[in-house]
Amino acid sequence: MGNIVAVCTSSVKGVQKKNIGTVKLVTDWGIEGDAHAGKWHRQVSLLSHDKIEEFRARGAEVADGAFGENLVVSAIDFRSLPVGTRFTVNDVLLELTQIGKECHSGCEIFKKMGDCIMPREGVFARVLNGGTINVGDTLTVLPPIM
């Protein structure tokens, strides 16, 4: 289990997201009002708070949402989970669809730090069941479906 530290959105692609405290997720769409929502496999992005803190300890001054992540979650190493892993938060059901991504050219974090953690630590999910997620909620990793 992990704790939701931040819920971040932006209405425009290619900019840092902002922590807005609460979001509504729509089944097979993503986060209402977020530029990355849509009928595809990367409806919601997740990043470990612990990995962000490690990056900050190396001198990076990054706010929650700076990597383009929607959900910042403590105590879960998302990269270690297999594609197909499911998570619940309140009524929301998410399914992990992709681990990592290619960093877009011109990433401000990479320009400043010479590194960016999203391409290797960030994961993506699709929304199997919608609902509301708030900062402070608990995200539970479900056991694999046999």
Failed item in (1) at pLDDT below 95; (2) surrounded by 15 or more Cβ atoms within 10 Å (Cβ to Cβ), with Ser105 passing the rest
(2)
Surrounded by fewer than 17 Cβ atoms within 10 Å (Cβ to Cβ), modelled with pLDDT of 90 or more, over 26 Å from Met146 (Cα atoms) and of a type in the set (A, V, I, L, M, F, W, C): does that describe Ala35?
yes
Find all pairs meeting these conditions: Cβ atoms under 8 angstrom apart; at least six residues apart or on different chains; first residue within the range 21-40 and farther than 12 Å from Leu71 by Cβ; second residue in a loop (DSSP other than H, G, I, E, B) and hydroxyl-bearing (Ser, Thr, Tyr).
Gly33/Ser11; Ala35/Ser10; Ala35/Ser11
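The values are calculated or read from the model by the stated rules, or taken from the named source; none is laboratory data. All of these numbers come straight from a predicted model, not from anything done at the bench. Methodologically, a virtual Cβ is constructed for each residue, glycine included, from the backbone with ideal geometry; neighbour enumeration extends over all protein chains shown.
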